[in-house]
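> Can you keep this structure in mind? I'll have questions shortly.
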Amino acid sequence: MSMKKNFLKYVIPSMIASLVTGIYTSIDGLFVGRSVGDAGIASISIAWPLAAIILAIGTGIGMGGAVNMSNHMGAEEKREAGKALGNTFTLMLIASAVLTVFILICAKPILRFLGAEGQVLEFAYGYVRVLGMGSVLQVLGAGVTPLLRNQNKAWIAMVLMMTNFVMDTVLSGVFVLVLGYGVTGAALATLIGQFIALVPSLFILFKKENRVPISNYYLKRKTVQNILKIAASPFALSLLPALTIAMINWRAFAYGGTVALAAYAVVSYMLSVGQLLLQGVCDGSQPLISFYHGANNAHSVKQLKRWTYYTSITTGIVITIGIIALRNVIPTWFNVSAETAGVLLFAFPLCALSLPFYAFSRSTSAYFYAIKKARRASIMVYCEALIVLPICIFILPMFLKLNGVWTALTVVQVILSLGAIVFLKWHKSWTHFLSHPTENV
């Protein structure tokens, strides 16, 4: 099989699976908006950062284990790959238990801190409480997907994600629209859908030919360190959209009240579809880049990296055009008020322009953690969360008011793209130095 066909074999199902994930995260808002209205949409938006922590931890641990497995397989170190698989599952189970306790104890105070009050607080807490009680399903559900891809089962991972999507959609419609369970029903539908998709995933991963000795599930310090070192970047990449939502919610409410809060909830649903689709490109290319990096095949790594950038940036441009073209239609899907729809006319173009730059910055982060340069990937991701985004979201609205809130998303990605270019040039120069030491003497 040619390199390009192999690339498409991994990337296309990953993109489809991520697209389905993005759509199904919007399903809750779509049904709740039609059943409960602006307050229901706002409550899910407020609650989403807490829900995203659960998924981000599962994704981070799963990707950390998957990258290490691929590198060990590329280097023909099957025993070490087995340790990575076993320790990954143990870490996910421990994380699930901790998360359940954390959510049940801390959810309500955190939601108040994020700005929820009254009916919005009641709805948001009901949503998060259900998801917290099913943390194990969410952590394992998010974590097994990269493990399946790294066992050459990308299409199976896609089919299982689509199964999850179909079940969640059907059950959300029944629980929210028919039975009137509101946001709690949406959360319950999410857990049931994840359970139905998780069972066959575990069956595949634990088939006889894939099993590893029980001793591989005992945590080993070096193996855990290697997993968590890689996990830091994909964890932050998964959590960052939720942190962005929390910060934007805070500033949107300050400059536009509940209307702006509901408007950004709709914007975030659309952006999450685009962002997850772009992340699907990066996640799909990761197993191949990690494998060839472990095999010391620099030419193949370079080729795969180039295709990843071309595919993600082109996809980002297409999605941006689509969102802008449909900015009059999308509000009707969520049954928002006329005032909220008016705000969205300006919000959609300003926010959607971030996606091509997001594609570039995310491709760079994914490339670095795929080749086990986790520190560089983490610097990019955590600088965005802790420095660039807070500064932009604080300063720009002071001059542009509510439009500054929307503009901040694009400005952040432009800054990160410039930083990514610097990192890539630095990496290229350093790699050349190591490969040709005599030229530098």
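The values are calculated or read from the model by the stated rules, or taken from the named source; none is laboratory data. Note that this is a predicted model, so its numbers are computed, not measured. Cβ: placed from backbone, ideal geometry, glycine included. Neighbour counts: every protein chain shown. For the accessible areas, the whole protein counts, side chains as well, though only heavy atoms, and no ligand, DNA or RNA atoms are used. Shrake-Rupley method; radii C 1.70, N 1.55, O 1.52, S 1.80 Å.
> Calculate, axis by axis, the spread of Cα positions in the range 1-75 along the three principal axes, and write the results as whole Å, longest axis first.
53, 25, 10
> Another question about this same structure. How many Å² of accessible area per residue for the chain, probe 1.4 Å?
42 Å²
> Tell me the carbon and sulfur percent of the accessible area for the chain, rounded to whole percent, probe radius 1.4 Å.
For the chain, the apolar C and S fraction of the accessible surface comes to 69 percent.
> How large is ³J(HN,Hα), in whole Hz, for each residue of the range 175-187 in order, when computed from phi with the Karplus curve 6.51 cos²θ - 1.76 cosθ + 1.60 and θ = phi - 60°, using x for Gly and Pro?
5, 8, 7, 8, 8, x, 7, x, 5, 5, x, 5, 5
> Between helix 389-400 and the chain, what is the angle of the helix's C-alpha long axis to the longest principal axis, kept within 0 to 90° and rounded to the nearest 10?
Around 40 degrees separate the two axes.
> Using Cα atoms only, what is the angle between the long axis of helix 118-133 and the major principal axis of the chain, expressed in degrees (0 to 90) to the nearest 10?
Compared with the principal axis, the helix lies near 30 degrees.
> Taking the full set of protein chains and a 1.4 angstrom probe, give the accessible area of Phe394 in square angstrom, rounded to the nearest 10.
Roll a 1.4 Å probe over it and Phe394 shows about 110 Å².
> Using Cα-Cα distances under 8 Å and only pairs 6 or more residues apart, what relative contact order does the chain have, in percent?
After rounding, I find 24 percent.
> Shifting gears a bit: Compute the helix-to-body angle for 298-325: its Cα long axis versus the longest principal axis of the chain, expressed 0 to 90° and rounded to tens.
Taking Cα atoms only, the helix is inclined about 10 degrees.
> The range 199-269: which trypsin sites (Lys or Arg not before Pro) are DSSP loop and have at most 11 other beta-carbon atoms within 10 angstrom?
Lys207
> Same structure, new question: I'd like the Karplus ³J(HN,Hα) series for the range 60-75: coefficients 6.51, -1.76, 1.60, θ = phi - 60°, whole numbers in Hz, and an x wherever there's a Gly or Pro.
Once θ is set to phi - 60°, the couplings for the range 60-75 become x, 5, x, 5, x, x, 5, 4, 5, 4, 5, 5, 5, 5, x, 8 Hz.
> Going by average Cβ density within 10 Å per residue, which order do the peptides 363-371, 176-184 take, highest to lowest?
363-371, 176-184
> Per residue, how big is the convex hull around the C-alpha atoms of the range 316-404? Give it to me in cubic angstrom, could you?
Enclosed volume per residue, from the Cα hull, is 114 Å³.
> Let me ask something else about it. Let me make sure I get this right: for the chain, a, b and c are the square roots of the gyration tensor eigenvalues over alpha carbons, sorted descending. Under 1.5 in a/c it's rounded, otherwise prolate if a/b > b/c, else oblate. Which is it?
Since a/c reaches 1.5 but b/c is at least a/b, the shape of the chain is classed as oblate.
> Given the rule -39500 (n - 2.57) for each run of at least 4 DSSP H residues, summed and divided by the residues of the chain, what is its mean residue ellipticity at 222 nm, to the nearest 500 deg cm²/dmol?
Result for the chain, helices only: -30000 deg cm²/dmol.
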